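Here, each number is a calculation from the coordinates, and none is a lab measurement. This structure is a prediction, so every number in the text was calculated from the model and none was measured. Glycine also receives a Cβ, built like all others from the backbone with ideal geometry; neighbour counts cover every protein chain displayed.
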Amino acid sequence: MATILNIETATKNCSVSLAKDGKTIGIKEIATEQFSHAEKLHVFIEELLKETQLTFKDLDAVAVSKGPGSYTGLRIGVSTAKGLCYALDLPLISVDTLEILANALTVTSGVIVPMIDARRMEVFSAVFNTGKRKIRDTQAEIIDVDSYREISEDIHLIGDGAQKLQETLTASKFIYHPEIVYPSTQEMSFLSFEKYKKSDFEDVAYFEPYYLKDFVLNK
């Protein structure tokens with residue numbers, strides 16, 4: 001049995017979960033405009049361990065959302081994860097932030113396009129099929145009325161980046177899911193366990209977040 005601590009701080013959502021064999025046994029998260037990650041992250045970890053009656057010694061690995069996303073948020077999450085792995089001699093797992101977001105939606109047709117708000121009309125995005133396999137690589141792209149013209153099937157848009165595009169992407173093939181705004185460690189539980197089973201670990205000393213761009217200012 002593998003007990004994994006999952007950390008997601010790539011967006012305005014500060015999310016922490018504990019999972020056993022890919023199933024979430026406890027989760028704490030809060031999304032605020034003020035980016036409260038530095039204040040909440042360590043508190044959430046301590047509270048979760050207490051509530052689940054676990055200790056740091058019970059952990060088998062630490063998983064972190066690797067990006068893309070907020071520069072500051074990613075630094076906080078990755079620094080915390082690396083610090084715990086180093087201190088506790090645990091393997092570090094990284095999970096694609098857009099893949100986490102894509103796994104929050106289940107559809108039977110079309111494609112899923114998770115979008116993380118960058119600024120103005122720019123988003124970090126990728127394209128996934130209904131099996132949650134990435135079929136277009138992650139990009140930082142500026143969205144206009146011609147975006148995704150090459151895709152004829154239904155396009156399911158999720159994430160805070162999609163919310164600002166409803167007046168730009170208006171064709172009937174664009175289906176918005178406003179209930180899915182931020183990536184969460186709820187979806188990380190399964191993804192991190194799949195990597196754990198394959199021993200797909202990062203080098204704790206050298207791992208860096210996937211910023212995609214050199215620097216992204218928080219709004």
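Cα centroids of region 8-54 and region 99-176: how far apart, whole angstrom? Taking the Cα centre of region 99-176 as reference, the centre of region 8-54 is 26 Å away.
Look at the alpha carbon pairs under 8 Å that are at least 6 residues apart: their mean separation over the length of the chain gives a relative contact order of 24 percent. Each Lys and Arg Cβ is given +1 and each Asp and Glu Cβ -1; about its Cα centre, region 99-176 then shows a dipole of about 180 debye.
Charge dipole of the chain (Cα centre as origin; +1 on each Lys and Arg Cβ, -1 on each Asp and Glu Cβ, all else neutral): 140 debye, rounded to the nearest 20. Beyond 31 Å in Cα-Cα separation lie the following of the pairs K40/K164; K20/K173; K50/K213; K82/K213: K20/K173; K50/K213. Mean-square fluctuations from a GNM of the chain, with a 10 angstrom spring cutoff on Cα atoms, peak among D146, D200, D89 at D146.
Give the order of L59, L191, L101 when sorted by the count of other beta carbons within 10 angstrom, beginning with the fewest.
On the way: L59 19, L191 22, L101 34.
Final ranking by Cβ density, sparse to dense: L59, L191, L101.
With charges set only on the Cβ (+1 for Lys and Arg, -1 for Asp and Glu), what does the dipole of region 1-122 come to about its Cα centre, in debye to the nearest 20?
Numbers: 12 positive and 15 negative charges, 33 e Å.
Here region 1-122 has a charge dipole of around 160 debye.
Taking the chain as a Gaussian network of alpha-carbon nodes connected by springs under 10 Å, the highest mean-square fluctuation of the residues E141, E150, E167 belongs to E150.
Just checking the listed ones, T55, T108, T24: in the Gaussian network model of the chain with Cα springs under 10 Å, the one fluctuating most is T108. Placing unit charges on the Cβ atoms of the charged side chains and taking the dipole of region 99-176 about its Cα centre, the candidate lying farthest along the positive direction among Y148, F128, L169 is F128. Straight-line reach from K198: taking Cα to Cα under 15 Å and skipping same-chain neighbours fewer than 8 places apart, the aspartates and glutamates in range are D21, D60.
Relative to the first principal axis of the alpha-carbon coordinates of the chain, what is the inclination of helix 37-51, with its axis defined by its Cα atoms, in degrees from 0 to 90 and to the nearest 10? Tilt relative to the chain: about 60 degrees.
Computed from Cα atoms, the angle from the helix 185-197 axis to the main principal axis of the chain rounds to 70 degrees. Close amide H contacts of I180 (hydrogens built in the peptide plane, cut-off under 5 Å, sequence separation of 5 or more or a different chain): G159.
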